[in-house]
Amino acid sequence: MLTMDSTPTHQKTIDVVAAVIEREGQYLICQRPHHKAHGGLWEFPGGKVEPDETLSSALARELYEELSLTASQIGKRLYTAQEKNSPFAIHFIPATVKGSPQLHEHIEARWLTLSTLTDVELAPNDRAFVDYLHRRSK
């Protein structure tokens, strides 16, 4: 697992999970609502981890709430990214899901290959993760 930046000591870290869902060489990404931070940018779907949850249970819950997807398998964390001066630590976790995404939170969803993920405007932590995937694939 790789980590980007670190949290300033005066901020409490807020854990966020992001699902890395790959089907036939394509990754599921979703466009954030305009009224939220990084509005209009693309991200791997997920959300905040509640105090009583594990990363895996949070990922399963978020996938169901936001996309009506049922997680059939959740892997080990691949990467953690955190912007400088941000309390949010984004944990990118592979998941296998059942169903087709139904948008309850996002504006749009797309399936993109690793090479085309850089064609959309990704949120900063998601961009860092895609850069990591590119380095890992070489």
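The values are calculated or read from the model by the stated rules, or taken from the named source; none is laboratory data. Computed from a predicted structure; not experimentally measured. Cβ sites come from the backbone with ideal geometry, for glycine too, and all protein chains shown count toward neighbours. Remember, those area values only see protein heavy atoms, side chains included, never the ligands or the DNA or RNA. Shrake-Rupley method; radii C 1.70, N 1.55, O 1.52, S 1.80 Å.
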Accessible area of the chain belonging to carbon and sulfur atoms, whole % at 1.4 Å probe: 48
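Calculate, for the chain, the solvent-accessible area per residue in square angstrom, rolling a 1.4 angstrom probe over the heavy atoms of the protein chains.
Spelled out: the 1.4 Å probe surface of the chain, per residue, equals 54 Å².
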GNM flexibility winner over the chain from 33, 94, 45 (Cα, springs under 10 Å): 33
Listed values (i) 15.0; (ii) 15.6; (iii) 16.6, entry calculated as Kirkwood radius over Cα pairs in Å: (i)
Nearby lysines by direct alpha-carbon distance to residue 76 (threshold 18 angstrom, same-chain neighbours under 8 apart not counted): 48
Amide hydrogen neighbours beyond the local backbone of residue 88, cut-off 5 Å, H modeled: 14
Size of electric dipole in the chain: Cβ of Lys, Arg +1 and of Asp, Glu -1, about Cα centre, debye, nearest 20: 380
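Probe radius 1.4 Å, ligands and nucleic acids left out: which of 88, 129 has the largest accessible area, and how do the rest follow? It would help to have the intermediate numbers written out before the result.
Numbers: 88 70, 129 0 Å².
Correct descending sequence by accessible area is 88, 129.
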Long-range amide H partners of residue 78 with built H, under 5 Å: 92, 93
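Go ahead and estimate [θ] at 222 nm for the chain from helices alone: -39,500 (n - 2.57) per DSSP H run with n ≥ 4, summed, over the residue count, rounded to 500. Don't jump to the answer; show the numbers that get you there.
Details: 2 runs with 27 residues, N = 138.
That comes out to -6500 deg cm²/dmol.
Set the Förster distance to 30 Å, then compute FRET efficiency between residue 53 and residue 138 from the Cβ-Cβ distance, nearest 0.05. Kindly include the intermediate steps, with their values, before the conclusion.
Numbers: r = 35 Å, r/R0 = 1.16.
So, using R0 = 30 Å, E works out to roughly 0.30.
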Residue order for 113, 70 - accessible surface, 1.4 angstrom probe, largest first: 70, 113
The chain: most fluctuating residue of 17, 120, 97 per GNM, C-alpha cutoff 10 Å: 120
For a label point 7 Å along the Cα-to-beta-carbon line of residue 12, residues of region 43-59 with backbone N under 11 Å: 51
